[in-house]
Amino acid sequence: MADAAPVHLHKGLTTERKLAGLICLSGWLPIRKTAIASMTDHARNLPVFWGHGTKDQVVQYNWGQQSVDILQKSKFKDVTFKSYNMGHEPSSEELRDLKAWLENVFDKS
């Protein structure tokens, strides 16, 4: 998750492809200036699900929070940030929230 999230986020923010949304689990946006400068107009309209463990020992929780703040300051319209009492692993609660978010995203499309 930690290695994939930055790549996934950068690609999702800069692609011209029409995506349904972006998902980030216990990740962060390390190259913020580059990603924001290269961001497509479509990206700002994407729904984003961001889940992060408050006890994450791999990607610090505040890095996830700071990344979400940057998206919100970049005028993203629909960012869902969820915190979980866990480390750097998915929890059943996070997966339930992600499933509900996905169902909502696909119901809208």
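Between Val58, Val7, which is touching a Gly at 6+ places or on another chain (Cβ under 9 Å) and among the β-branched types (Val, Ile, Thr)?
Working: Val7 fails: touching a Gly at 6+ places or on another chain (Cβ under 9 Å).
Selected residue: Val58, the only one of Val58, Val7 that is touching a Gly at 6+ places or on another chain (Cβ under 9 Å) and among the β-branched types (Val, Ile, Thr).
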Next item on the list: Return the residue satisfying two criteria in turn: it lies in segment 1-13 and is more than 18 Å from His88 (Cα to Cα) and open to solvent by 10 Å² or more (accessible area, probe 1.4 Å), and of such residues it is modelled with the lowest pLDDT.
Entry: His10
Check: Pairs, please: C-beta under 8 Å, at least 6 apart or cross-chain, first residue at pLDDT below 85 and in segment 36-47, second open to solvent by 20 Å² or more (accessible area, probe 1.4 Å)?
Finding: Ile36/Ile70
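Taking into account only those residues within segment 14-28 that are more than 16 Å from Phe81 (Cβ to Cβ) and free of Cβ contacts under 8 Å to residues at least 40 places away in the same chain, which is least open to solvent (accessible area, probe 1.4 Å)? Before the answer, list the steps.
Keep residues of segment 14-28 that are more than 16 Å from Phe81 (Cβ to Cβ), which gives 14-20.
Restricting the remaining residues to those that are free of Cβ contacts under 8 Å to residues at least 40 places away in the same chain gives 14-19.
Working: Thr14: 37, Thr15: 16, Glu16: 144, Arg17: 175, Lys18: 156, Leu19: 62 Å².
Top of the filtered list is Thr15.
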Next item on the list: Identify, by number, the condition in (1) of a type in the set (Ser, Thr, Tyr); (2) touching a strand residue (DSSP E or B) at 6+ places or on another chain (Cβ under 8 Å); (3) open to solvent by 30 Å² or more (accessible area, probe 1.4 Å); (4) closer than 17 Å to Thr14 by Cβ that Tyr61 doesn't meet.
Entry: (4)
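Residue-wise test of (1) farther than 19 Å from Gly21 by Cα; (2) part of a helix (DSSP H, G or I); (3) at pLDDT below 95; (4) of a type in the set (A, V, I, L, M).
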{"residue": "Ser67", "(1), (2), (3), (4)": "no, yes, yes, no"}
{"residue": "Lys75", "(1), (2), (3), (4)": "no, no, yes, no"}
{"residue": "Glu89", "(1), (2), (3), (4)": "yes, no, yes, no"}
{"residue": "Leu95", "(1), (2), (3), (4)": "no, yes, no, yes"}
{"residue": "Leu98", "(1), (2), (3), (4)": "no, yes, no, yes"}
{"residue": "Phe106", "(1), (2), (3), (4)": "no, yes, yes, no"}
Next item on the list: Keeping to segment 66-98, report how many residues are closer than 21 Å to Pro30 by Cβ, surrounded by fewer than 16 Cβ atoms within 10 Å (Cβ to Cβ), free of Cβ contacts under 8 Å to residues at least 24 places away in the same chain and not basic (Lys, Arg).
Entry: 2
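The values are calculated or read from the model by the stated rules, or taken from the named source; none is laboratory data. All values derive from a computational prediction rather than experimental measurement. Every residue, glycine as well, gets a Cβ built from its backbone with ideal geometry; the counts of neighbours run over all protein chains shown. Only protein heavy atoms, including side chains, enter the accessible area calculation; ligands, DNA and RNA are left aside. Shrake-Rupley method; radii C 1.70, N 1.55, O 1.52, S 1.80 Å.
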